[in-house]
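None of the figures in this text is laboratory data; all of them are computed from the coordinates on show. Everything numeric here is computed off the predicted structure, so don't read it as measured data. When we count neighbours, we look across all protein chains shown, and the Cβ atoms used for this are built from the backbone with ideal geometry, even at glycine.
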Amino acid sequence: MVTESDGTLSTGVRDVESTPLDPSDVLIAVDYSGVNFKDVMVAAAKSRVRRVASLVGGVDAAGTVMRSIDPTLPEGTRVAVHGGALGVARDGGFAQFVFSPARYVTALPESVSTRVAMIVGTAGFTAMASLLALEDRGLEKGSEVLVTGATGGVGSQAVAFLAASGYLPVASTGSPSESQWLLDRGARRVIGRDDVADNPGRVLASETWAGAIDCVGGETLAQILRSLRYGAAVAACGLVASAELATTVYPFITRSVALLGIDSVEATTSTRERVWSALGVLAPRIDFEPLVDREVQLEDLTSALDDVRNGTTRGRILVNPTPV
Ligand SMILES: NC(=O)c1ccc[n+]([C@@H]2O[C@H](COP(=O)([O-])OP(=O)(O)OC[C@H]3O[C@@H](n4cnc5c(N)ncnc54)[C@H](OP(=O)(O)O)[C@@H]3O)[C@@H](O)[C@H]2O)c1
């Protein structure tokens, strides 16, 4: 639980009773949750992301439906739940049980176990939603697609999904010691954070990327825009460096590039089904276990959140709420 009282923040494990906010809420027995960058923001003092003083954290979870009146989610359905107010304004997935409105719950494809679903998690969902947005815009197989923040939860899965889908992911990272790991995940090549674009003195850089998935925002996103090929697009899904964007209109009006916004939180039911279905097609082609930084119990969450805050993790931290 994350609790803020009189300006003092505390985190810890407690026994609390799960209660629905609405009688129609779906009850899920949680097999796994995961640690996301957003969980770190929720667990901060004076958080602008957390909307209540006290809650069970965890913006995503996967498990089995225990109780539901929704005919599309009968008891026993294996599901992923993420988005909406989960772990932000209502109790989330860092628990053995969670209640959620049905619209944030998606039945998992046969090929996706609840463990794989939470290795994927909100991060992988966002990576796949980004890839589908680029494909909708006409991304061509065999082309080089830039991924920034590549060793992170979203970035590492974007690299793996692009490679498994027939593209050539180029991983941009500030962690050069992780280059081999990124190559093993399917990166065609690895570049530094400052190597996204050339011609620094000019308005536009060389036309380099057929597409891009950006987890970083700020100056990095501006550099991507000036180095996209004619007609290409960047899927903007993150802001780890900055929420600011200073650019010119030249990439848009002389190269016809597109800036595609990606949001997983309020993704519609049809988008959720499309993304999880696409993940189900890719799942048999991907070895997900190397994307696990480590598996933790609820008691280890405070240090896991610290590690994500400090950027010392690689891929996803899985949370297993079942007591050992
Ligand atoms: N749109 C959505 O619905 C949605 C969903 C999930 C996440 N997100 C956002 O996506 C972003 C990534 O999330 P995540 O879970 O992948 O986070 P993460 O696991 O913490 O990874 C972020 C990565 O970005 C790089 N990085 C960190 N600080 C940086 C800096 N100051 N400048 C440049 N690069 C930096 C690091 O990779 P390298 O060391 O490899 O450079 C780090 O591993 C976050 O902003 C998160 O809020 C959005």
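Some points to look at:
- Modelled label reach - Asp194, point 7 Å along Cα→Cβ, the stretch 219-246 residues with backbone N closer than 20 Å: 219-227, 240-242, 246
- Between 0 and 90 degrees, the angle of helix 153-164 with respect to the longest Cα principal axis of the chain falls at about 60 degrees.
- Projecting label points 7 angstrom from Cα along Cα→Cβ for Ala45 and Leu168 puts them 5.0 nm apart.
- Phi-derived couplings, Karplus 6.51 cos²θ - 1.76 cosθ + 1.60 at θ = phi - 60°, listed residue by residue for the stretch 236-241: 8, 10, x, 8, 4, 8 Hz, with x used for Gly and Pro.
- 3J(HN,Hα) couplings calculated from phi for the stretch 229-234 with the Karplus curve 6.51 cos²θ - 1.76 cosθ + 1.60 (θ = phi - 60°) are, in sequence order, 6, 3, x, 7, 9, 10 Hz; Gly and Pro show x.
- Translational diffusion of the chain, µm² s⁻¹ [Kirkwood Rh, Cα pairs; Stokes-Einstein; 20 °C; 1.002 mPa s]: 107 µm²/s
- Across the stretch 123-261, C-alpha contacts under 8 Å between residues 6 or more apart give a mean separation that, scaled by the residue count, equals a relative contact order of 22 percent.
- Over the chain: helical MRE at 222 nm, DSSP H runs n ≥ 4 each giving -39500 (n - 2.57), nearest 500: -8000 deg cm²/dmol
- The stretch 43-161 - Rg (one decimal) and Dmax (whole number), Cα, Å: 16.2, 49
- Where GluC sites (Glu not before Pro) fall in DSSP loop in the stretch 249-298, at most 13 other Cβ within 10 Å: Glu266
- Computed over neighbours whose Cβ is under 12 Å from that of Gly238, the net charge equals -1, Lys and Arg +1, Asp and Glu -1.
- From the C-alpha gyration tensor of the stretch 123-261, square roots of 5λ in Å: 21, 16, 14
- Histogrammed with a bin width of 5 Å, the alpha carbon distances of the stretch 24-102 distribute as 3, 18, 28, 22, 14, 9, 4, 1, 0 percent, first bin at zero.
- 0 to 90° range, to nearest 10: angle between helix 269-282 axis and the chain longest Cα axis: 70 degrees
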